[in-house]
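These notes concern the structure reproduced below.
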Amino acid sequence: MSQVICKDIFERVEALFSKRIVNSEPIHRGLLNLKWIVHFADGASVFVKQYNQRRHGKKLPFINMALSIQEAVRKQGIRCPMVYSFDGKRLLTSSKGEVFAVQEKMDGEVVAPGQATTEQMHSLGQEMGKLHKALKQIPPAELAWKPDRSRLLQKWNKQMALAQVRQPSERVMRLLHRQKQILDRLDFSQFDRCRLGWTHWDCHFDNFLFENKRVAAILDFDRMRYVYPDLDVARALLSGSVDGQRGLVRAKAAAFLGGYREVVPGYSAERAARALRLLWTKESGWWITADIEERSANPRRFLVEIEWLQQHWLELDDFLGE
């Protein structure tokens, strides 16, 4: 099936660019969507992403908006790919109805979670600050999500019921019990103090490219919504600073926050700790599941980060202290 989709989309890309495709490289990252680096006969290359309509059908208007915002912040100097448009459209359709987008191919390397250097984390903090500063120029919209204790409780009850059947490891059961302890005691009113704004909302390390010590590109704006920029800070901080063997490496976290403060002055350790707690309300229900240890590598990696967060829940301000 993927070969049929590939052929269909590539024929449309050739027609749009009036160029012949001579080679392509599939990118095996992400869920369901197909992605390729496409090489033309004249030596030029582009990135092509198909949007699986089973996953994204109702979200396509939001993805179209996100691509427009991506192009707007790129013009403000943010290191992200140009989005090609044809007849004013950034979301394109093949002859058989496949939806896709074409973007500039960006050079750089993906760094594994927890493996970035302190210099790379400092650069990432700077770029995240610049992105949030640029996004302030985009008019606000309706809030897309807010923390909800009742929803988290529903998810927890479901997973605990499944755990009684599946009998997962002691580790998973400890995580579930600790999750409930935190949920019962957490003061959700603290999140009313979090600033609202346009947010990348997918700032894990698959979506950054690095060249030596600096960020070369921020990728994949598809999930962008008007929520809390703190979620970007927390996700990038965890992805870059939590080493599976050592836990959170404080020097990396400090480097990231130092870079961010160069663009967003006054971003305190208290705000950073609150951002991590906000992220927990969004993600703990995704990764603390009865079957998590049977899932693929990415979910298991996210669990490592949430596990560290729960283990050090009461010490976050100290870990992030200046």
Here are some residues: ASP206, ASP202. Which one is at pLDDT below 95 and either under 27 Å from ASP243 (Cα atoms) or in contact with a Cys (Cβ under 6 Å, 6 or more places away or on another chain) (or both)?
ASP206
Select from segment 136-165 the residues that are loosely packed, with under 14 Cβ neighbours inside 10 Å and of a type in the set (Lys, Arg) and list them in ascending order.
LYS136, ARG149, ARG151, LYS158
Unique match (being within 17 Å of ARG174 (Cβ to Cβ) and crowded, with 17+ Cβ neighbours inside 10 Å) among GLY240, GLY285
GLY285
Does ILE69 fit the bill of being in contact with a Phe, Trp or Tyr (Cβ under 9 Å, 6 or more places away or on another chain), touching a residue at least 60 places away in the same chain (Cβ under 8 Å), β-branched (Val, Ile, Thr) and surrounded by 16 or more Cβ atoms within 10 Å (Cβ to Cβ)?
yes
Applying the selection to segment 138-186, what residues are free of Cβ contacts under 8 Å to residues at least 24 places away in the same chain and hydroxyl-bearing (Ser, Thr, Tyr)?
SER150
All but one of (1) within 16 Å of the chain's Cα centre (by Cα); (2) not in a loop (DSSP other than H, G, I, E, B) hold for ASP222; which doesn't?
(2)
Which residue pairs have Cβ atoms under 8 Å apart, sit 6 or more places apart or on different chains, and have a first residue in segment 210-236 that is outside the structural domain of LEU131 (by TED's automatic domain parsing) and a second that is β-branched (Val, Ile, Thr)?
none
Among the listed residues LEU314, LEU278, LEU257, LEU309, identify the single one that is without any contact (Cβ under 8 Å) to a residue 12 or more places away in the chain and either over 30 Å from LEU32 (Cβ atoms) or part of a helix (DSSP H, G or I) (or both).
LEU314
Evaluate the following for VAL215: is it surrounded by 18 or more Cβ atoms within 10 Å (Cβ to Cβ), at pLDDT 95 or above and out of contact with any strand residue (DSSP E or B) (no Cβ under 9 Å at 6 or more places or on another chain)?
no
Restricting attention to segment 1-37, the residues that are of a type in the set (S, T, N, Q), over 15 Å from ASN52 (Cα atoms) and surrounded by 14 or more Cβ atoms within 10 Å (Cβ to Cβ) number exactly 1
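The values are calculated or read from the model by the stated rules, or taken from the named source; none is laboratory data. No experiment lies behind these values; they were computed from the predicted model shown. When we count neighbours, we look across all protein chains shown, and the Cβ atoms used for this are built from the backbone with ideal geometry, even at glycine.
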